[in-house]
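The values are calculated or read from the model by the stated rules, or taken from the named source; none is laboratory data. Please read these numbers as outputs of a predicted model, since none were measured by experiment. A quick note on method: Cβ atoms are made from the backbone with ideal geometry, for glycine too, and the neighbour counts reach across all protein chains shown.
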Amino acid sequence: MINDQVMTGSEVPPLGPHIRQLRKKRRLTLEQLAAQSGVSRSMLSQIERGEANPTFATLWNLTRALAIDLSELVTSRAAAAPPSAIEVVGAHFTPEIRSEDGLCTLRILSPAQSAGRMEWYEVLMAPGAALSSDPHARGAMEHLTVIEGDLEVLSGGARNRAAAGATLRYAADVAHEIRNDSAASARALLVVIG
């Protein structure tokens, strides 16, 4: 299950007003957009007021219902900001994916336009967490650098373990899994090259 975090103040990105503008341009009520997107009316209202930080999945559902690409929402937000030679993406704007059991969190660090070619994530795993993945595109590889803790990777028929500071490189075009079988939390950086 993927959860939305409620945030307040200046740390919330200004996506909400843009979503409200798109909803009104399409002459949709909050109830109509909620029904079309599967996002509750109360959560949608909080997002539009800038009181909630939507997850990647929530934004995905809203952009599908509004018939726009996720990149358009991000690009529109970036286009409104003054041009800069260095883009800064605050922690509050970093989308997260959480496993259904809540033991694993993936923070999506790569830009939307690199999806499918090269993606990178911060992986946070509680003790006993496992992140299982179906095969990615042919030739895909993953590079998992353990920052804290001890992680094990299973890829195809192979299995190996690494502690903090080590990197595991393995085929991702076969079923694969990252496991934290230790009693401590683990943190890693994962790069997926398609």
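Descriptive notes on the structure:
- The residue that is surrounded by the fewest Cβ atoms within 10 Å (Cβ to Cβ), counting only those in the stretch 102-151 that are β-branched (Val, Ile, Thr) and under 16 Å from Ala163 (Cα atoms), is Ile147.
- Arg169 vs. criteria more than 15 Å from Ser132 (Cα to Cα), assigned by TED's automatic domain parsing to the domain that holds Leu103, among the charged types (D, E, K, R) and modelled with pLDDT of 95 or more: yes
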